Amino acid sequence: MDSSSFFTQKLQQKIIVYKNSPSSCLLMLLVFGSAILTFSTLMYLILHITVKGIPHIQASLFSLTYTSQNASVVPALFNTVIVTLLSLLFAVPLGIFSAIYLVEYANQQNKFIHFIRLTTITLAGIPSIVYGLFGMLFFVISCGFGFSLLAGALTLTIMILPLLIRTTEEALLAVPVIYREGSYGLGAGKLRTIFRIVLPTAIPGILAGIILSIGRIVGETAALVYTSGTVAQMPDSVFSSGRTLAIHMFNLANEGLYMNQAYATAVILLLLIIFINSLSYYVAKKLVKI
């Protein structure tokens with residue numbers, strides 16, 4: 001049987017199924033319609049940003065010092081990288097180890113554990129501006145960090161923790177129980193089983209949560225305006241105030257005088273997100289092979 005006749009037969013079988021079940025046909029149309037709408041929206045946004053932004057990417061945008069004439073993105077780019085790395089440094093270990101405790105050690109019938117999971121889900125739905133106000137009151141004022149990259153990173157840490165915990169939990173729960181039982185049967189302890197068997201198997205799911213967290217960090221504005229500030233300068237330390245690329249783009253567009261530079265910044269931000277996601281995907285493939 002050649003490939004054309006095979007696909008024809010499969011198509012005829014699907015047509016018969018959909019004729020016998022109109023609800024399945026309706027569901028199929030809704031799924032395809034949603035996929036086409038999502039893809040079309042994404043392509044429109046990418047094309048709109050690139051067409052508007054690429055012609056205005058100039059050498060002056062990459063000056064080391066920001067001025068009102070060049071609207072340089074370099075200080076904002078450095079601040080974005082620093083805030084992202086700091087946030088992941090704090091959030092990833094805490095999120096992964098919290099999920100390990102909830103899945104591997106905690107008593108699943110304990111009401112307190114159910115309360116923690118409910119709290120985590122609730123925190124994931126809180127608007128980012130609420131996190132920004134909390135960060136300003138606690139980290140900026142009470143802790144005395146002032147408007148700084150450290151205050152912004154700590155605020156983002158709290159903001160992405162629910163996402164990291166939930167995705168890591170789901171990744172750990174997806175590991176078959178037989179893997180654990182086989183490890184125990186060979187004489188390995190619980191801790192060794194977790195770090196040598198469970199975590200390596202769950203790495204793709206954990207990295208998916210990290211990638212989503214990076215996307216939220218890079219695109220965040222409201223939480224950082226109240227914590228890291230909007231100063232357009234190269235940071236001297238983590239206690240320096242500074243704006244990220246998203247805040248930089250927002251300020252340029254809000255002023256109404258630098259719309260061309262705002263679109264150019266959007267292109268750079270888009271390229272940065274694509275680079276980070278591609279790098280994470282590459283690292284995930286390498287870790288899975290190991």
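The values are calculated or read from the model by the stated rules, or taken from the named source; none is laboratory data. Since the model is a prediction, treat every value here as computed from it, not as a measurement. As a convention, Cβ positions derive from the backbone with ideal geometry for all residues, glycine included, and neighbour counts pool all protein chains shown. These area figures cover heavy atoms from the full protein model, side chains too; ligands, DNA and RNA do not enter into them. Shrake-Rupley method; radii C 1.70, N 1.55, O 1.52, S 1.80 Å.
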Practice task
Within the range 56-111, count every residue that is surrounded by 19 or more Cβ atoms within 10 Å (Cβ to Cβ) and among the basic types (Lys, Arg).
Solution key: 0
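For the range 178-187, indicate whether the set of residues that are part of a loop (DSSP other than H, G, I, E, B), on the phi < 0 side of the Ramachandran plot and surrounded by fewer than 16 Cβ atoms within 10 Å (Cβ to Cβ) is non-empty.
Filtering the range 178-187 for residues part of a loop (DSSP other than H, G, I, E, B) gives 186-187.
Those left that are additionally on the phi < 0 side of the Ramachandran plot: 186.
Now drop any that are not surrounded by fewer than 16 Cβ atoms within 10 Å (Cβ to Cβ), which leaves 186.
Yes, the range 178-187 has at least one match.
Which is of a type in the set (Phe, Trp, Tyr), open to solvent by less than 30 Å² (accessible area, probe 1.4 Å) and in contact (Cβ under 8 Å) with a residue 60 or more places away in the chain, of Phe139, Phe145?
Working: Phe145 fails: open to solvent by less than 30 Å² (accessible area, probe 1.4 Å).
So the residue among Phe139, Phe145 that is of a type in the set (Phe, Trp, Tyr), open to solvent by less than 30 Å² (accessible area, probe 1.4 Å) and in contact (Cβ under 8 Å) with a residue 60 or more places away in the chain is Phe139.
Return the residue satisfying two criteria in turn: it lies in the range 212-261 and is among the charged types (D, E, K, R) and part of a helix (DSSP H, G or I), and of such residues it is farthest from Phe78 (Cα to Cα).
Quick first cut of the range 212-261, residues among the charged types (D, E, K, R) only: 216, 220, 236, 243, 255.
Next cut, part of a helix (DSSP H, G or I) only: 216, 255.
On the way: Arg216: 17, Glu255: 22 Å.
This residue is Glu255.
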Exercise for the section: Output the residues belonging to the range 33-55 that are under 15 Å from Tyr263 (Cα atoms), open to solvent by 70 Å² or more (accessible area, probe 1.4 Å) and among the hydroxyl-bearing types (Ser, Thr, Tyr). Expected result: Tyr44
Practice task
Tell me which of these Gly125 doesn't satisfy, since it passes every other one: (1) surrounded by 12 or more Cβ atoms within 10 Å (Cβ to Cβ); (2) within 20 Å of the chain's Cα centre (by Cα).
Solution key: (1)
Practice task
Would you mind stating whether Ala223 is buried (at least 17 other Cβ atoms within 10 Å of the Cβ) and of a type in the set (A, V, I, L, M)?
Solution key: yes
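Can you confirm whether Ala151 is surrounded by 19 or more Cβ atoms within 10 Å (Cβ to Cβ), within 20 Å of Tyr281 (Cα to Cα) and more than 15 Å from the chain's Cα centre (by Cα)? Please lay out each step first, then the result.
Details: surrounded by 19 or more Cβ atoms within 10 Å (Cβ to Cβ): yes; within 20 Å of Tyr281 (Cα to Cα): no; more than 15 Å from the chain's Cα centre (by Cα): yes.
Taking the combined requirement at face value, the residue does not satisfy it.
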Exercise for the section: Determine whether Val231 is open to solvent by 50 Å² or more (accessible area, probe 1.4 Å), out of contact with any helix residue (DSSP H, G or I) (no Cβ under 7 Å at 6 or more places or on another chain), under 28 Å from Ser63 (Cβ atoms) and not charged (D, E, K, R). Expected result: yes
Practice task
Quickly run through the range 243-258 and pick out the residues that are under 14 Å from Thr67 (Cα atoms) and open to solvent by 50 Å² or more (accessible area, probe 1.4 Å).
Solution key: Leu257
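Among the residues of the range 154-177, which ones are outside any helix (DSSP H, G or I) and either crowded, with 20+ Cβ neighbours inside 10 Å or not small (Gly, Ala, Ser) (or both)? Let's see the steps before the verdict.
Filtering the range 154-177 down to residues outside any helix (DSSP H, G or I) leaves 174-176.
Hits for the range 154-177 are Val175, Pro176.
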Problem - Index of the failed condition, Val283 passing every other in (1) open to solvent by 30 Å² or more (accessible area, probe 1.4 Å); (2) in contact with a helix residue (DSSP H, G or I) (Cβ under 6 Å, 6 or more places away or on another chain); (3) not hydroxyl-bearing (Ser, Thr, Tyr) - result: (2)
Practice task
Would you please list the contacts, defined by Cβ atoms under 8 Å and residues six or more apart or on different chains, that run from a residue in the range 200-217 that is farther than 15 Å from Thr80 by Cα to a residue that is acidic (Asp, Glu)?
Solution key: Gly205/Glu170
Handout entry: Within the range 11-27, considering residues that are out of contact with any Phe, Trp or Tyr (no Cβ under 7 Å at 6 or more places or on another chain) and open to solvent by less than 90 Å² (accessible area, probe 1.4 Å), the one modelled with the highest pLDDT
Key = Ser23
Completion exercise
How many residues of the range 98-122 are over 20 Å from Ala171 (Cα atoms) and either outside any helix (DSSP H, G or I) or among the aliphatic types (A, V, I, L, M) (or both)? The answer is 2
